[in-house]
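Worksheet: one structure, shown below.
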Amino acid sequence: MHATLTRHATAAGPRWALDGRYLPSDFALDGWLGLPADAMAPPASLPVGEAATAPLLAPIEDGQEAWASGVTYLSSRMAREAESQSRDVYQKVYGAERPELFFKASGWRVMGHGQPIRIRADSAWNVPEPELVLLLDAAGRIVGYTTGNDVSSRSIEGENPLYLPQAKVYDGACALGPGIRLCPPEAMRDLPVALDIVRGGARAFAGNTRSSRMKRGLEELAAYLFRELHFPQGAFLFTGTGIVPGEDFTLQAGDVVRIDIDGLVLENPVQ
């Protein structure tokens, strides 16, 4: 069983916990990820305290960054082609040597489990994108994963690929949680991924896939992100979605989005 890190909103400020018990108050994820490999002792080696009962926060610190990969599943390529006025762009990136990578959010913008996500007021077609999210240390090594929601405006991206930042980067467009499962990349290669959207107490959409259906390797995506970028505090990397609701579905205020990656469940209401 792999250990899980969670971050909590205590009266004294954000605090990390391991498997439901608080770590020392001076433990910081960015500091731990910045250590060299030979000095990077696992959090399990640290003493733990009382049960962590304070509300959950997104498992990312304010100064860290979340980045994202695109068109890594065949289903995603086909959906992007269907929505876009520039279909060959997605065909080319799916088959290219270089993956699509883009900035998603600063840590302080990320929503946690139970916190609201948003849909853009200037977009008529908005969807969640359930994704396996890698936790990378300062050297680009994969040390764990979390569950992510890359909320997106398909109408804006479909209008023009150059509008991608507006389709992907806005308030309430990124959620992570509920915690970080610490494990090697070998443990992430065939994880079940499920999406459920509830509207008015009834299921409005459901889908599932597996991380093994991803075209690109996890280490490949991490290596490209770190190729010409330096992340002294580590980084989070969304690996792309393999579940895409059809053109007849758009998120609505009041929906609840539930993403389950091998029992690590992220749930967010929609505003």
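The values are calculated or read from the model by the stated rules, or taken from the named source; none is laboratory data. For clarity, every value in this text was computed on a predicted model and none was experimentally measured. Neighbour counts are summed over all protein chains in view; Cβ atoms, including those assigned to glycine, are modelled from backbone coordinates with ideal geometry. Quick note on the areas: whole protein, heavy atoms, side chains included, nothing else; ligands and nucleic acids left out. Shrake-Rupley method; radii C 1.70, N 1.55, O 1.52, S 1.80 Å.
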Original post:
Can you work out ³J(HN,Hα) from phi for every residue in the range 143-156, in order, using Karplus 6.51 cos²θ - 1.76 cosθ + 1.60 and θ = phi - 60°, giving whole Hz and x for Gly and Pro?
Top reply: 10, x, 8, 9, 9, x, 10, 8, 4, 9, 9, 6, 5, 6
**OP:** Please report how far the C-alpha centroid of the range 1-40 lies from that of the range 164-237, rounded to the nearest whole angstrom.
**Re:** 21 Å
**OP:** Would you kindly state how much longer the chain becomes between ASP19 and ALA37 on full extension, computed as 0.36 nm times their sequence separation minus their alpha carbon distance, in nm to one decimal?
**Re:** 4.2 nm
Original post:
Å³ per residue of the Cα convex hull, for the range 131-202?
Top reply: 154 Å³
Subject >> Percent breakdown of C-alpha pair distances by 5 Å bin, ordered from the shortest bin, for the range 96-141 >> reply: 4, 11, 15, 28, 20, 11, 7, 3, 0
Original post:
Could you give me the ³J(HN,Hα) list for the range 36-48, computed from phi with Karplus coefficients 6.51, -1.76, 1.60 and θ = phi - 60°, whole Hz, x at Gly and Pro?
Top reply: x, 4, 6, 10, 8, 5, x, x, 5, 7, 8, x, 10
Original post:
Under the classification rounded if a/c is under 1.5, otherwise prolate if a/b is larger than b/c and oblate if not, where does the range 1-159 fall, given a ≥ b ≥ c as square roots of the Cα gyration tensor eigenvalues?
Top reply: prolate
Original post:
If you take the alpha carbon radius of gyration of the range 85-218 and divide it by 2.2 N^0.38 Å, what ratio comes out, to two decimals?
Top reply: 1.11
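Relative contact order, percent, of the chain when contacts are C-alpha pairs under 8 Å separated by at least 6 residues?
Details: 669 pairs, mean separation 67.6, N = 271.
Worked out over the chain, it gives 25 percent.
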Subject >> Long-range tail of P(r) for the chain (Cα pairs > 33 Å, %) >> reply: 16 percent
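Dipole size in debye (nearest 20) for the chain around its Cα centre, Lys and Arg Cβ +1, Asp and Glu Cβ -1?
On the way: 25 positive and 33 negative charges, 59 e Å.
Computed about the Cα centre, the dipole is about 280 debye.
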**OP:** Evaluate Rg over Rh across the range 181-241, taking Cα atoms for both radii and Kirkwood's formula for Rh.
**Re:** 1.09
Original post:
Rank PHE238, PHE27, PHE103 by accessible area, highest first, at a 1.4 Å probe radius?
Top reply: PHE103, PHE27, PHE238
